[in-house]
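To start, the structure itself, in structure tokens.
Read-outs: derived from the displayed coordinates by stated rules, not from any lab. As the structure is a prediction and not an experimental result, all values here were calculated from the model. Neighbour counts are summed over all protein chains in view; Cβ atoms, including those assigned to glycine, are modelled from backbone coordinates with ideal geometry.
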Amino acid sequence: MSDTIYPVPANWAKTALIDEARYHAMYHRSVDDPEGFWREEAQRIDWIRPFSRVKETSFDEKDFGIAWFSDGTLNLAANCLDRHLAERGGDIAILWEPDDPATPDRRITYRELHADVCRLANVLKDAGVRRGERVTLYLPMIPEAAVAMLACARIGAIHSIVFAGFSPDALAGRITDCDSRVVLTADEGLRGGRKVPLKANVDAALKECPGVDTVLMLRHTGADVPMVEGRDIDWRTAVAEQSAECAPEEMNAEDPLFILYTSGSTGKPKGVLHTTGGYAVWASMTHQYVFDYRPGQIYWCAADIGWVTGHSYVVYGPLMNGATTVMFEGVPNWPDPSRFWQIVDKYAVEAFYGAPTALRALMREGDDWVKKTSRKSLRVLGSVGEPINPEAWQWYYKVIGEERCPIVDTWWQTETGGTMITPLPGATPLKPGSATRPMFGVQPRLVDNDGTPIEGAGEGCLVITDSWPGQMRTVWGDHERFFQTYFTTFPGVYFTGDGCRRDTDGYYWITGRIDDVINVSGHRMGTAEIESALVAHQKVAEAAVVGMPHAIKGQGIYAYVTLNSEVEPSEDLRRELVKWVRQEIGPIATPDVIQFAPGLPKTRSGKIMRRILRKIAENDVGNLGDTSTLADPSVVDHLLENRPQPE
Ligand code: WTA
């Protein structure tokens, strides 16, 4: 890990919203006087009824609970739209860049977006959608995805976005878990010139979801898709008949805003639930400070709305701040690896926020693709989703930003609602690979496996000792699971699942997940999910999945598979299983390596020793540690001898 320090550039220190001295002053106030700090910071929101209570939180079992601004009321769509209309109605809210550069782009003003949101909100109301009802969105990266989110927020419905790369099965599971009656989708998505059959996937998913009675279908590519009589509604026809006015619902600060499913270490994906008031404060504050955002600047977060980054930093954060937010339908390397930087030039993007996996893939294509673009509009570069390795950091800094743009390496999680440990461009001297220092109100602590705090420099498990406004409030339908997952490993604090090092300057370096979650291209996958997909195949008896180092994806998926006794391993079967997992979960879960094994290393009590499987997958086989508790140590020799060569 690199310890070179990049000081804050002088022009940044002078002009930024927050410089170093201000950061320290604000940080200290935020933890010493949270009531006062958040009472003021929350004024950035237009409240319908102002709150009097600020922070009512406890992580202890006896009085566990998390509430912020709990007697205030607001509407988040109104905060993203209505309040900008008087002064900024004609400003562009969304700049939409299509997958194919030859397709016309779209520029949508705040006034137009407001009207679109109201029309769709009225359609939803006509379909009987009520406050608190869950609406599932399965949509490509098109402006209507943002319109759909905001329409739900406007009428107080809870949106649950399912990433458009997930399979029909994964979609069905998420629809069923939150009991959605209404699904919003499009005929097809487009990514890198390839079509994604969204409507067909919905049709397949709904075979398992008898509760869905309404599908709103947007014609995007114009593909000929079958419409089910009485269930499917043509989106554009429906909105055309509606009024462009729809009064926003007055929501309580603690009313749910959205559910987003994310992988955990055990069982099925969890429905992470965020509420309205605290999330609003957190998303808008972090977006403003982390990107030093001023109205009128062009801002682009390249994440998909199917992930939390898209929720907080493509849609809610930027729109609350009156930003012009770029929405890109496509992929970084199509038609060619200049695509990202051409978009930066086309719209004069000032802040760009992307993922290390994309940077590593582009870095491999060479600097020429970058150098033929100007990028002179860029002021700040962001990174999110996984640790950025110092090599990729340097490339981002030197080649993309030409040593002019601070890099904000933002650590956070679906559960945290917004950035938690991150540099601020005008305040934080940078160290490549470090997420640096905590955001206001965030109190990180490192603990050893027994929960004993580690003071000063050291390495351990990362926990957060007190609540912040953007924190998730529960797991949908399973509050006990929420408490068990995050607050029992280390009682009294929030456990992140990440390992972390703190250096002598107090900088934080995230070292990666320490639970059974792997991070593939910045996407969280539970190993248990992939294992159950494999075991669902009729020829598979048992499976164990671990992460392995991967040059582009960060981590790849390594699966150990034991076949049923009459089945012989073969290359064909290997391919069949890869295809099977893609079908069951989606392409992001594609195993990189499948190793057939007659047996898995188990303790005498039957527990799979994942430590050994991880070491073999990492090719770190010199010291496998103590194997004496294994029921059959010869299993390990077989695994070592038959290790496949990764492609
Ligand atoms: C990892 C994405 C290091 C981490 C916003 C976390 C990171 C998980 C960083 C959450 C970063 C995210 N440096 N690791 N800057 N950002 N992570 O829920 O392991 O999709 O726990 O949220 O990604 O992934 P999630």
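Miscellaneous remarks
- DSSP bridge analysis restricted to segment 113-249 gives an antiparallel fraction near 15%, rounded to the nearest 5.
- Hydrophobic, long helices, defined as DSSP H runs whose alpha-carbon span along the helix axis is 15 Å or greater and whose mean Kyte-Doolittle value is at least -1.0, occur in the chain at 110-126, 143-155, 168-178, 277-290.
- Gyration tensor (Cα) of the chain, equivalent ellipsoid semi-axes in angstrom: 36, 31, 26
- Each of C80, L95, I421 was placed along the dipole of the chain (beta-carbon charges, centred on the mean Cα), and the one lying farthest toward the positive end is L95.
- Given charges at Cβ of Lys, Arg, Asp, Glu: the chain dipole, positive-most of P644, A280, P444: A280
- Fully extending the segment from E566 to N623, taken as 0.36 nm per residue of separation minus the present Cα-Cα distance, adds 17.1 nm.
- Antiparallel bridge percentage (DSSP; both residues within segment 521-642; nearest 5): 75
- For segment 521-642, the relative contact order comes to 23 percent (Cα pairs under 8 Å, sequence separation of at least 6).
- About its Cα centre, the dipole of segment 562-647 is roughly 440 debye, where the only charges are +1 on Lys and Arg Cβ and -1 on Asp and Glu Cβ.
- Short-range pairs are left out: with C-alpha atoms under 8 Å and at least six residues apart, the relative contact order of the chain is 13 percent.
- Between the amide H of K55 and those of F69, distances stay under 5 Å, these residues lying 5 or more places away or on another chain, with hydrogens modeled in the peptide plane.
- According to the calculation over all Cα-Cα pairs in segment 101-237, the P(r) per 5 Å bin from zero is 2, 10, 22, 24, 22, 13, 6, 2, 0 %.
- Cα centre as origin, Lys/Arg/Asp/Glu Cβ charges: the chain dipole, Debye: 780
- With the charge dipole of the chain set up from +1 on Lys and Arg Cβ and -1 on Asp and Glu Cβ about the Cα centre, the Cα lying farthest toward the positive end among the listed residues T309, A348, Y560 is that of A348.
- Within the chain, antiparallel bridges make up roughly 60 percent of the DSSP beta bridges whose residues both belong there.
- Dipole in debye (nearest 20) - segment 48-114, about Cα centre, beta carbon charges: Lys, Arg +1; Asp, Glu -1: 380
- Shape box of segment 521-642 [Cα atoms, principal axes, largest first, Å]: 38, 36, 25
- Here is the short version for the chain: C80, C152, C178, C209, C301, C405, C461, C500 have no other Cys C-beta closer than 4.7 Å.
- Cut-off under 5 Å, modelled amide H: who pairs with I594 long-range: A559
- Ellipticity at 222 nm from helices only: DSSP H runs of n ≥ 4 in the chain, each -39500 (n - 2.57), divided by the residue count, give -8000 deg cm²/dmol.
- Ordering of 294-304, 21-31 by packing [mean C-beta count within 10 Å, highest first]: 294-304, 21-31
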